[in-house]
Amino acid sequence: MDIGLNHYLVVGAVLFVCGIICMATKRNAIGILMGVELVLNGANINFVAFSRYTALGLDGQIVSLFVIVLAAAEAAVALAIALNFYNNHLTIDVDRGDELAG
Amino acid sequence: MTGEQFLFWLLALTTCGGAIAVVVSQNVVRMAFWLVVALGSVAAIYFLLHADFVGATQLMIYVGGTIVLLIFGVMLTASGPYVKIKTSPGDMVIASGVGVLVLFLLIGTVTAVDWKQAHRSLVGNEHAEYPPAPAAGYNKSNPSSGNTARPIGLKLLGVSLEDTDPTRKDAQNLSAGYLLPFEIVSVHLLVVLIGAGYLARAKRRVPVGADAVVETLAAPVPVQVGVYAGFWRRAAAMLIDGIVISAVQVPAALLMGPLTEPPSNAFVCVSSLLIFLYLAGMESSAYQGTIGKIIMRIAVTDTYGQPVSFLRAAARTLSRYLSGFCLLFGYFMALFTKRKQTLHDLVAGTLVVRRK
Amino acid sequence: MSALFAANSLGEFLANNVSERWGLALAAFIHAFILINVFALAPLIFIWLERKVSGRIQDRLGPTRVGGRFGWLQGLADGGKLIQKEDLVPAAADSMLFRMAPYIACIAAFGTFMLLPFSGGWVAVASDIGLFLLVAILSLEVLGIILAGYSSGSKWSLFGGMREAAQMVSYEIPLAITALVPIVTVGSLNLVEIAEMQTSTVFLDGWLMFNNPFTFIAFFVYFTVATAGCKRAPFDLAEAESELVGGFHTEYSGMRWSFFFMAEYAAMFVVSGLASILFLGGWNTGFGFIDQALAVTRYRGALELAAIDPETGLYLTNFYLPSFLANLFGMVVFVSKASLLVFVQIWIRWTLPRLRIDQVMMTCLKYLIPISCVLFLGATLWPIGVLHFAERSTVMPFFEPIQNKIERLKGVAQKSHDDAEEERAEQDSPVSDVKDERPAVELAPAVASAPLGSEGSK
């Protein structure tokens, strides 16, 4: 069986779903961040696969470059927020950040 | 099984296995390790897809940068080794159930599409080759295509090398390309850099009575330590400085030629240098400020209320560009920072205070 | 045999002559085998050198007994000792990560050899983004160190790992920026091209270090940062034995411990090799007449290999020995330059006292990053300024634009090649059979030798 677009898209889908589950179930703020990275990588695989297997050309690769760079920025900010959260709550468990709950 | 198939299945296995292990493991550092495995394999998949530049970027930024940052965050926030914050089994069951459903949905959608036909109808050629030959990558049969680094670089500047491709006649060359997104991302990164540093900074406790100590130190220009100049006063000072500078610059430009013509490069260089010397020199002089600042009764000091050195004033002047690059956000920071500092004040470690 | 030299790469040769399916995999294995076995030797030699140099600096003799007069087998003896030691895993450790960490560090450090060219064309993967990929793979080494620090379950190790993480994340920025400074001048990320462009005309004028004031300063900044990047003294805070016992490797013993050191010495060689390619002319000696002659010989060799028989359309496979020797000489030059820089790193280690961690971070964030940014900006503006004021692209005397230089040298090579062809044709013409005996291979379908690449056009 030749490797085609579908194969790569399915790998991307697996990464995406794993990321979603990770974001939904982890209570550690940094674990949630890792879930976000997985989701973004799943999307990136799709972009690069389309750039190889369709007439999209290099545009797909450029978009995935932007995603990588912005994900790094997002990780830096999210980590700064997580550190601030830890400074204030002395834990990284996001379920404890419930002061605003009525 | 060809080499490509073997590599694909191997990489697909490590990618998916790594991702699933991230979900399953409870120890956050192990999660990070499995994330390294997953993302590293993703980088290899990019190489397999002829996207060498994206693959290298993935390795450098994701695996070498972001994950190191994440592990660093884990180390800073773990109160003991191997902290586990367990997921409750109920959550896990529900989430995996929903996840598996979504996965089947996605796989069903993907396989339902006839990509060959879609590609041919998009290209508008019933007999277009599918899959199309890789435009770039490790494609040595077409030496002119080379690898992806140069085409991507040109594309970011707005020049497309793919216009020789007959299937892409509609996307004509010399569009703006990705220059604007590239610039926006650059500014975004700069803002993030500053913002992350601001968020994560250690809370600095100013020792009690520090201001009083500073008060006793002699300063040549009597300044009111702790009375910071407001935004509007500083804006007015800048306006006056602008008038002063253009009062010299415009006649000089008139001597060089009519104003309708763009100035020569040499003129721009010399006048920028003179403006730089004026700003940095005046701020580090005994006057502690430019003419505008003298008129508006404000002065530049360091964080201890002392006059600034020329080097510091130069750093402050150069960082003004930084403030300007963030869409003038750096200047507006004086509105809300604690000591009414702009971005260039923060960079150079200076304050602007009222004179006595 | 000559078919081997005719192929563009080992992978192509094996794919054509041995097995289409497994040729590439076989080539990858051979590359990996050669690299590991040759360059596992480099750490052994550098470890011996380290002990010898440190001994001399401290007015001692250093190792003297093992393997004769200079103790030159000391590295091997150390290795033998380490293999015999027990492989301990502390009870408090996370054993999977603990076992895995040394391999990650080692693989990252040795993986970079894949991209490091040793002479014109002597490189396992001649990637167009060689520099970028090399720095990217080198930056993975830190993961091994951090995981080792964290998984040991010891506070000394944890502190070592944290310091390493903070230090590496910071020092990678000036490392990348200063490595880009010569790139601005050359306009290519391909390490082979970068080195080829530094062929001197008279003496040292081709070396990028002397191209403009910014690249000159950038070399020293790069070398400082690279020293820190290999966590060498005075920046070895991750393993500061006076504060942290052994830092990240406190809990390690035996072979796993030695893997970290193999990785460290391999990384030292790689960053030094990179410095010599980026700034010090790579495999060029710096003497104009030698360099130009060697460059012409190498280009001639490439032409001989790529020559096509006009009658049959097959590759003539003239193996041009002088080109091979020129490459060999280039490799000797390159390895000696890199080893000299490694020696300087060792020298610095035994001369300067260790910094404090806050000083290390301050040096990077407050000084090296701004300096490297200014250098990058300067290197970008320099050609524009020189072009504007002096109407040439550099102020170097004897200068000839890079493109012209390479074209000229290639022209000389082409001419000598054509002359040889004519001569051969004259000799051949009386006896027509000779030509047919010349070994020929079919025009090879394009297959790249990249282990990570795919199967090419098939």
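Quickly run through segment A:70-102 and pick out the residues that are at the interface with chain B (Cβ under 7 Å from one of its Cβ atoms) and assigned to a loop (DSSP other than H, G, I, E, B).
Result: A:92, single match.
Please enumerate the residues belonging to segment C:180-200 that are more than 10 Å from every other protein chain (Cβ to nearest Cβ) and either in contact with an Asp or Glu (Cβ under 8 Å, 6 or more places away or on another chain) or on the phi > 0 side of the Ramachandran plot (or both).
Result: C:186, C:199, C:200.
For segment B:306-345, enumerate the residues that are more than 22 Å from residue C:377 (Cα to Cα), crowded, with 20+ Cβ neighbours inside 10 Å and among the hydrophobic types (A, V, I, L, M, F, W, C).
Residues satisfying the conditions are B:308, B:333, B:334.
Here is a check on your reading of the model: is residue A:30 surrounded by 21 or more Cβ atoms within 10 Å (Cβ to Cβ), over 11 Å from the mean Cα position of the chain (by Cα) and not polar (S, T, N, Q)?
Answer is yes for this residue.
If I go through segment C:388-406 residue by residue, how many of them are surrounded by 11 or more Cβ atoms within 10 Å (Cβ to Cβ) and either more than 16 Å from residue C:292 (Cα to Cα) or modelled with pLDDT of 75 or more (or both)?
7
Mind counting the residues in segment C:42-69 that are part of a loop (DSSP other than H, G, I, E, B), closer than 25 Å to residue C:263 by Cα and of a type in the set (Val, Ile, Thr)?
1
Those residues that are modelled with pLDDT of 85 or more, in a loop (DSSP other than H, G, I, E, B) and of a type outside the set (S, T, N, Q), I need them from segment B:297-315; list them, please.
Once the filter is applied, which keeps residues that are modelled with pLDDT of 85 or more, in a loop (DSSP other than H, G, I, E, B) and of a type outside the set (S, T, N, Q), segment B:297-315 yields B:297, B:308.
If you take the residues in segment C:118-142 that are assigned to a helix (DSSP H, G or I) and in contact (Cβ under 8 Å) with a residue 40 or more places away in the chain, which one is nearest to the other protein chains (Cβ to nearest Cβ)? Even if it seems obvious, please write down each step before you answer.
First pass over segment C:118-142, keeping only residues assigned to a helix (DSSP H, G or I): C:130-138, C:141-142.
From what's left, in contact (Cβ under 8 Å) with a residue 40 or more places away in the chain: C:130-132, C:134-135, C:138, C:141.
Numbers: C:130: 10, C:131: 10, C:132: 5, C:134: 9, C:135: 7, C:138: 8, C:141: 9 Å.
For segment C:118-142, the residue satisfying everything is C:132.
Do you know which of the residues in segment B:28-49 that are under 17 Å from residue C:132 (Cα atoms) and within 7 Å of chain C (Cβ to nearest Cβ) is modelled with the lowest pLDDT?
Checked segment B:28-49; the qualifying residue modelled with the lowest pLDDT is B:47.
Of all residues in segment C:108-117, count the ones that are assigned to a loop (DSSP other than H, G, I, E, B) and within 14 Å of another protein chain (Cβ to nearest Cβ).
Going through segment C:108-117 one residue at a time, the tally reaches 1.
Determine whether residue C:130 is modelled with pLDDT under 85, buried (at least 21 other Cβ atoms within 10 Å of the Cβ) and within 16 Å of residue C:265 (Cα to Cα).
no
If we only count helices (runs of 4 or more DSSP H) wholly inside segment B:12-124, which ones have 3 or more residues that are surrounded by fewer than 17 Cβ atoms within 10 Å (Cβ to Cβ)?
Counting at least 3 such residues, we get B:89-112, B:115-123.
Can you tell me which residues in segment C:148-170 are more than 9 Å from every other protein chain (Cβ to nearest Cβ), in contact with a Gly (Cβ under 7 Å, 6 or more places away or on another chain) and among the aromatic types (Phe, Trp, Tyr)?
C:156, the sole residue that qualifies.
Kindly indicate which of B:346, B:327, B:318, B:322 is within 19 Å of the chain's Cα centre (by Cα), in the same structural domain as residue B:284 (by TED's automatic domain parsing), at pLDDT 85 or above and under 19 Å from residue B:195 (Cβ atoms). Working first, answer last.
On the way: B:327 fails: at pLDDT 85 or above; B:318 fails: under 19 Å from residue B:195 (Cβ atoms); B:322 fails: at pLDDT 85 or above.
Going through B:346, B:327, B:318, B:322 in turn, the sole match is B:346.
Anything in segment C:91-107 that is small (Gly, Ala, Ser) and in a helix (DSSP H, G or I)? List them, or say none.
Keep residues of segment C:91-107 that are small (Gly, Ala, Ser), which gives C:91-93, C:95, C:101, C:105.
Scanning segment C:91-107 gives C:95, C:101, C:105.
Can you find, within segment A:36-57, the residue that is surrounded by the fewest Cβ atoms within 10 Å (Cβ to Cβ) among those that are facing chain B (nearest Cβ under 8 Å) and under 18 Å from residue A:76 (Cβ atoms)?
Filtering segment A:36-57 for residues that are facing chain B (nearest Cβ under 8 Å) and under 18 Å from residue A:76 (Cβ atoms), the one surrounded by the fewest Cβ atoms within 10 Å (Cβ to Cβ) comes out as A:37.
Are there any pairs, at least 6 apart or on different chains, whose C-beta atoms fall under 6 Å, with the first in segment C:161-190 and within 19 Å of residue C:129 (Cβ to Cβ) and the second not in a helix (DSSP H, G or I), and if so, which?
Close Cβ pairs satisfying both conditions: C:172/C:139; C:185/C:211; C:186/C:197; C:189/C:129; C:190/C:128.
Among B:209, B:226, which is the only one that is at pLDDT below 80, at positive phi and either in contact with a Phe, Trp or Tyr (Cβ under 8 Å, 6 or more places away or on another chain) or surrounded by fewer than 14 Cβ atoms within 10 Å (Cβ to Cβ) (or both)?
Working: B:226 fails: either in contact with a Phe, Trp or Tyr (Cβ under 8 Å, 6 or more places away or on another chain) or surrounded by fewer than 14 Cβ atoms within 10 Å (Cβ to Cβ) (or both).
Being at pLDDT below 80, at positive phi and either in contact with a Phe, Trp or Tyr (Cβ under 8 Å, 6 or more places away or on another chain) or surrounded by fewer than 14 Cβ atoms within 10 Å (Cβ to Cβ) (or both) holds for just one of B:209, B:226, which is B:209.
Considering only segment B:156-194, state which residues are of a type in the set (Gly, Ala, Ser) and at pLDDT below 80.
Correct list: B:158, B:160, B:171, B:175, B:176, B:177.
Quick one: which residue in C:177, C:145, C:173 is away from every other protein chain (no Cβ under 12 Å) and assigned to a helix (DSSP H, G or I)?
C:177
Restricting attention to segment B:1-11, and to residues there that are assigned to a helix (DSSP H, G or I) and more than 7 Å from every other protein chain (Cβ to nearest Cβ), which single residue is surrounded by the most Cβ atoms within 10 Å (Cβ to Cβ)?
Step by step, filter segment B:1-11, then rank; the result is B:7.
What do you reckon, is residue C:233 part of a loop (DSSP other than H, G, I, E, B), within 24 Å of residue C:169 (Cβ to Cβ), in the same structural domain as residue C:147 (by TED's automatic domain parsing) and of a type in the set (A, V, I, L, M)?
yes
The values are calculated or read from the model by the stated rules, or taken from the named source; none is laboratory data. The structure displayed is predicted, hence computed values, not measured ones. Note that each Cβ is placed from the backbone with ideal geometry, even for glycine, and that neighbours are counted across all protein chains shown.
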